Amino acid sequence: MEIPQALVSALKNARRVAVLTGAGISAESGIPTFREAQTGLWARYDPAELATPQAFRRNPRLVWEWYQWRRELIAQAEPNPGHLALARMEQHIPDFTLITQNVDGLHRRAGSQNIIELHGNITRTKCSQEHILIDTWEETGEVPPRCPRCRAFLRPDVVWFHESLPADALQEAFEAAKKAQVFLSIGTSAVVQPAASLPLTARQSGAVTVEINPAPTLITESMSFVLTGPAGAVLPELCRQVWGA
Ligand code: OAD
């Protein structure tokens, strides 16, 4: 794939880079995205109907089991060449921020360090009432298990639809977008706010913006560069052409 020379030099000279990733970067690790065809056992469930506080109130067992299924899928998955290329990119850029909407933890497993997890992390568990993290609990067979402190149900430490994002993480993400010289939006359909407005914020603040996605999205037309293809192929090639490795 031919990477435009102007993009190669923008990245080569950049001291501040921010990246936003979505479910698409983990697709090549075998983790289904949200808005494309769902597979297997859960094909008939719409994530938008499971990842909500209302769904959890209505059917806590179903929601817990859906996350349990996703946790198992993630535990078996490995970071792919796209995750690994972003970890390498961080080594070349003095001020590098990786903002992710993913809850799968694969960026950290790939070696990325400065990560903002906007939607939480599926491997952590919290109390559904007190919202404090819980590491251990008694397995009584009840699903979901209960908080050892207050007996409320436990839930994954992720952000659901209709819930607000962690304020600190969101503020840091917007700061990174505003100061970035280059901003990459990778594997996200850019429909879920407020994450979706990060690339446009970067653009308005003067960043060179790049989208990496096999399909067009809502923000494609506003990007300075669009690299059409799967992240697992495009990102290693981009790194090779900019840094030679
Ligand atoms: P989506 O499922 O909405 O979008 C996935 C995007 O990845 C699409 O634009 C695909 O074209 C693209 N894609 C697919 N395969 C790819 C590949 N190999 N390389 C690069 N891109 C690829 O997922 P998100 O945008 O992450 O929120 O969704 C945003 C949020 O909505 C999620 O974090 C989640 C969801 O509801 C919460 O759970 C709060």
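Observations on the structure shown:
- Set side by side, the residues T217, T136 differ, and just one is loosely packed, with under 14 Cβ neighbours inside 10 Å, assigned to a loop (DSSP other than H, G, I, E, B), at negative phi and of a type in the set (V, I, T), which is T136.
- Members of segment 146-168 found to be free of Cβ contacts under 8 Å to residues at least 40 places away in the same chain and either assigned to a loop (DSSP other than H, G, I, E, B) or among the aromatic types (F, W, Y) (or both), listed by number: C147, P148, R149, C150, R151, A152, S164
- Index of the failed condition, V191 passing every other in (1) part of a loop (DSSP other than H, G, I, E, B); (2) β-branched (V, I, T); (3) open to solvent by less than 40 Å² (accessible area, probe 1.4 Å): (3)
- Answer residue from segment 169-188, given it is in a loop (DSSP other than H, G, I, E, B) and either of a type outside the set (V, I, T) or over 23 Å from L106 (Cβ atoms) (or both) and is nearest to the chain's Cα centre (by Cα) among those: G187
- Checking every residue in segment 109-121 against the condition of being part of a loop (DSSP other than H, G, I, E, B), out of contact with any Ser or Thr (no Cβ under 6 Å at 6 or more places or on another chain) and either open to solvent by 70 Å² or more (accessible area, probe 1.4 Å) or within 13 Å of P156 (Cβ to Cβ) (or both) gives at least one match.
- Residue in segment 68-82 that is open to solvent by less than 20 Å² (accessible area, probe 1.4 Å) and closer than 24 Å to T217 by Cα present: yes
- Among the residues of segment 199-225, those identified as more than 12 Å from the ligand (Cβ to nearest atom) and not hydroxyl-bearing (S, T, Y) are L200, A202, R203, Q204, G206, A207, V208, V210, E221, M223, F225.
The values are calculated or read from the model by the stated rules, or taken from the named source; none is laboratory data. Bear in mind the structure is a predicted one, so any value in this text is a computation, not a measurement. A quick note on method: Cβ atoms are made from the backbone with ideal geometry, for glycine too, and the neighbour counts reach across all protein chains shown. To get the accessible areas, we keep the full protein, side chains included, count just its heavy atoms, and leave off ligands, DNA and RNA. Shrake-Rupley method; radii C 1.70, N 1.55, O 1.52, S 1.80 Å.
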